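Quick note: the coordinates plus some simple rules give every number you see, no bench work behind them. It should be emphasised that the depicted structure is a prediction, and the values quoted were computed from it without experimental measurement. Note that each Cβ is placed from the backbone with ideal geometry, even for glycine, and that neighbours are counted across all protein chains shown.
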Amino acid sequence: MSELKPDDTDASDRVDAAIQWWVRIDRGDLSASELAAFRAWLANDPRNEAAFEESCDFWGSLQTLPRTEVQAYLWSLRPGRRRERMWAAAALATAALALYLTFDDLWVWCRADFRTGVAELRTVTLPDGSRAHMNAATALALDYSGDKRRLALLQGEAWFEVEKDPSRPFTVLAAGGTITARGTAFDVALDKARTEVTVTENSVEVAAEGSTVVVGAGRQTAYGPSLPALAPYEVDPESVTSWRRGKLIFMDKPLSEVAAAIGRFYHGVILIAGSELRDRRVTGVFRVDQPRDALKAIESLLGVKSTYVSDYLIVLHM
């Protein structure tokens, strides 16, 4: 784990340095001496330039600000501007990210009837007696009327215990898919890339992207944008729903998925630099009330580093 040090340009910390330079450049307030230091840092080692390009790509700026334009921009800056401390730039970048995420989630929170915050678990008893056990950072919208028992999972993950009522199917809408049950228990987890449905008791019907499958106990299916519901496959339901017991259990899961799960219990943002690192596999058991300890264990397991841009923003990188 490494703390952010504005003047640290040691070769072993080149990724940390690249992130620092990116924040300084994004701030647009480099002095003439800082420009000279940045050019010297790039020229000192080709790996420095590669690390900076990776940082640009990671922060989403490479497409809009290619390296040649970055260099042109740097050369066009006039000397003599007042030098700002890098900590101020990092704080502003973090605040901007937090503001973006707040507005991005605002529409979900406005639609939701039931919500949980970071590190908050909640059980809701529904009008028919069914129960929704909500993971952290989860939002549900309720639509019960007449012969309908319908919920929309807007964000996060929930485990449902459904009261039997053959005349009124229990339906969960999630990311364009429909999960239907009449008396069962199942878990639905939303992710940006896919939605996973795991059955712990009886069976459910899952319809998504033109495909319909029936999933029995101890099995899971997944679907996503342009991904029809997969044929059910075996999983360990106890591991999938371990968050209900205060643990997170992963068996050969990509780091991106693991970080997202840990992020539900961390008051901040966890980012991963590079697609290769996001795809690294993780196996382990972590406590939900100790997210930083979980990240430390992953650092040791995968041989990665973490940079704390602030108390709110952690970047995992090689």
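Output the number of residues of segment 120-159 satisfying the condition of being in contact with an Asp or Glu (Cβ under 9 Å, 6 or more places away or on another chain) and on the phi > 0 side of the Ramachandran plot.
Number of matching residues: 2.
Taking segment 280-318 as the search range and keeping residues that are of a type in the set (Lys, Arg), in a strand (DSSP E or B) and more than 16 Å from the chain's Cα centre (by Cα), which one is nearest to Ile270 (Cα to Cα)? Can you show your working first?
Of all residues in segment 280-318, those of a type in the set (Lys, Arg) come to 280-281, 287, 292, 296, 305.
Keeping just the survivors that are in a strand (DSSP E or B) gives 281, 287, 305.
Those still in the list that are more than 16 Å from the chain's Cα centre (by Cα) too: 287, 305.
On the way: Arg287: 17, Lys305: 12 Å.
Result: Lys305.
Looking only at segment 251-267, which residues are under 17 Å from the mean Cα position of the chain (by Cα) and either farther than 17 Å from Leu121 by Cα or among the basic types (Lys, Arg) (or both)?
Within segment 251-267, Lys253, Pro254, Leu255, Ser256, Glu257, Val258, Ala259, Arg264 qualify.
Give the residues of segment 153-177 that are free of Cβ contacts under 8 Å to residues at least 24 places away in the same chain and over 20 Å from the mean Cα position of the chain (by Cα), sorted by residue number.
Of everything in segment 153-177, those that are free of Cβ contacts under 8 Å to residues at least 24 places away in the same chain and over 20 Å from the mean Cα position of the chain (by Cα) turn out to be Lys164, Pro166, Ser167, Pro169, Thr171, Val172, Leu173.
Condition test on Val215, is it surrounded by 21 or more Cβ atoms within 10 Å (Cβ to Cβ), among the β-branched types (Val, Ile, Thr) and more than 22 Å from Ala260 (Cβ to Cβ)?
yes
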